[in-house]
Structures are given as C-alpha cells and as structure tokens.
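The values are calculated or read from the model by the stated rules, or taken from the named source; none is laboratory data. Please read all numbers here as calculations on a predicted model, not as lab measurements. Note that we place each Cβ from the backbone using ideal geometry, even for glycine, and neighbour counts take in every protein chain shown.
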Amino acid sequence: MGGTTRRIDVRVIAATNRHLDEEVAAGKFRTDLYYRLNVFPIVIPPLRERKEDIMLLAKYFIDKYAKLEKKIINGFSAEVILAMESYEWPGNVRELENLMHRTALLTKGSLVTEFYHHPQALKVDYNDKKSKSITENERDHIIATLKTCSWKIYGPGGAAEKLEMNVSTLNSRIKKLGIEKLRVNKTT
C-alpha cells in the first residue's frame with residue numbers, strides 16, 4: 001500500500017487580499033504558482049465598496065452572537081445604520097463580525113442604539129509628524145476612561161467594565177504604565 005501510486009482529483013481554493021498580478025510583476029510571487037492558481041479567479045470587492053451588504057452581514061452576525069449570549073436583538077437604530085454604512089471598514093468583514101460580537105455583548109435591550117466601535121483615543125493621525133506609540137495611546141486612553149468614571153476601577157460603571165477588561169488586568173496595566181490618580185488640592 002505504501003509503495004503504490006494512487007491517483008487523486010484535487011481542487012485548490014486560495015484567497016488573498018493582494019493583487020497577485022502586481023506581486024508577480026514585482027517579483028514577489030512565483031509566476032508558475034500564479035498561473036496554477038489563476039484558473040478561475042473570483043474577485044470580491046472590499047466591504048467599503050459593497051455598502052448594500054453591510055446591514056445584511058451585520059444582521060447575520062448580530063443574530064449569531066446574540067444567540068450565543070442568550071439575548072434577543074431585533075435590529076439597529078437609524079443612527080447606528082447610518083454610522084455603519086458611512087464607516088470605511090478597513091478590516092473588512094472580519095472587522096464587522098468582531099464589532100457585532102462586541103455589540104451583542106454590550107447591547108442592553110432589543111435594539112442596537114450605539115455604534116460600539118474602537119475608542120477614539122486609540123486612533124492615530126498618520127499625517128501627524130510625531131505619532132504616539134501604542135503604549136502612549138493605551139496610557140492616555142486608560143487615563144481618559146478613569147477620569148470619566150471618577151477614577152472608579154471596578155464594579156458597575158467602573159473603568160474595567162468600560163474598557164472591557166478584567167479588574168486585575170487593568171490594575172496591572174495602571175501600575176505598568178505608572179498611572180496615578182491626579183489629586184487637586186483646593187485651598188479655600
């Protein structure tokens with residue numbers, strides 16, 4: 001058995017987010033492999049070019065994750081729909097799925113009324129001459145969240161809850177980043 005040749009019929013499905021013809025021209029992808037794989041190409045445009053698919057996919061994913069969380073979520077407010085349709089979705093469908101998972105976890109009630117996207121503090125302006133490091137962004141974001149929670153770390157409405165972190169993880173990051181509660185001394 002181990003020494004006999006067996007004929008098999010195989011189909012290979014390969015996916016990439018790169019333009020392989022450009023990669024071949026630049027010498028970054030093997031030409032022979034390109035022609036072997038390029039039998040029946042299927043081009044799927046990114047989500048930002050398929051605005052009509054955003055809400056169909058969002059509904060599918062919110063149903064999937066609401067079911068896992070044993071919640072009933074019936075739809076999205078008009079504001080959330082507008083925000084989702086105007087967003088560029090650089091992470092494509094995976095980003096949308098992750099957002100719907102987060103949304104299912106955070107939504108209270110049967111209607112999604114908030115666009116639970118990444119915190120604004122973590123956005124980096126790449127046109128800025130000096131961008132902040134990830135550590136600086138994390139520190140600033142934790143401090144901003146602590147301030148909005150009046151420096152409450154745990155419990156309902158605490159920073160750990162808002163940051164979707166375990167309390168011990170948050171305490172460890174606060175210590176690592178050297179964050180101390182800012183005290184303002186009032187003189188009367």
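Listed here are the residues, each with its yes/no results for (1) of a type in the set (Ser, Thr, Tyr); (2) touching a helix residue (DSSP H, G or I) at 6+ places or on another chain (Cβ under 7 Å); (3) modelled with pLDDT of 90 or more.
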position	(1), (2), (3)
LEU33	no, no, yes
PHE40	no, no, no
LEU47	no, yes, yes
LYS64	no, no, yes
GLY75	no, no, yes
Quick test of your reading of the structure: ILE42 fulfils all but one of (1) in contact with a Phe, Trp or Tyr (Cβ under 8 Å, 6 or more places away or on another chain); (2) of a type in the set (A, V, I, L, M); (3) surrounded by fewer than 13 Cβ atoms within 10 Å (Cβ to Cβ). Name the failing condition by number. (1)
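Only one of LYS152, LYS130 is part of a loop (DSSP other than H, G, I, E, B), modelled with pLDDT under 85, over 28 Å from VAL80 (Cα atoms) and out of contact with any Asp or Glu (no Cβ under 7 Å at 6 or more places or on another chain). Can you tell me which?
LYS130
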The one condition in (1) without any contact (Cβ under 8 Å) to a residue 12 or more places away in the chain; (2) outside the structural domain of LEU99 (by TED's automatic domain parsing); (3) part of a helix (DSSP H, G or I) that ASP21 fails to fulfil: (1)
Candidate set: the range 54-84, residues that are of a type in the set (A, V, I, L, M, F, W, C) and loosely packed, with under 14 Cβ neighbours inside 10 Å; chosen: the one farthest from ASN98 (Cα to Cα): ALA78
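I need a count of the residues in the range 28-76 that are assigned to a loop (DSSP other than H, G, I, E, B), in contact with a Leu (Cβ under 8 Å, 6 or more places away or on another chain), assigned by TED's automatic domain parsing to the domain that holds ASN98 and not charged (D, E, K, R).
Residues in the range 28-76 being assigned to a loop (DSSP other than H, G, I, E, B), in contact with a Leu (Cβ under 8 Å, 6 or more places away or on another chain), assigned by TED's automatic domain parsing to the domain that holds ASN98 and not charged (D, E, K, R): 2 in total.
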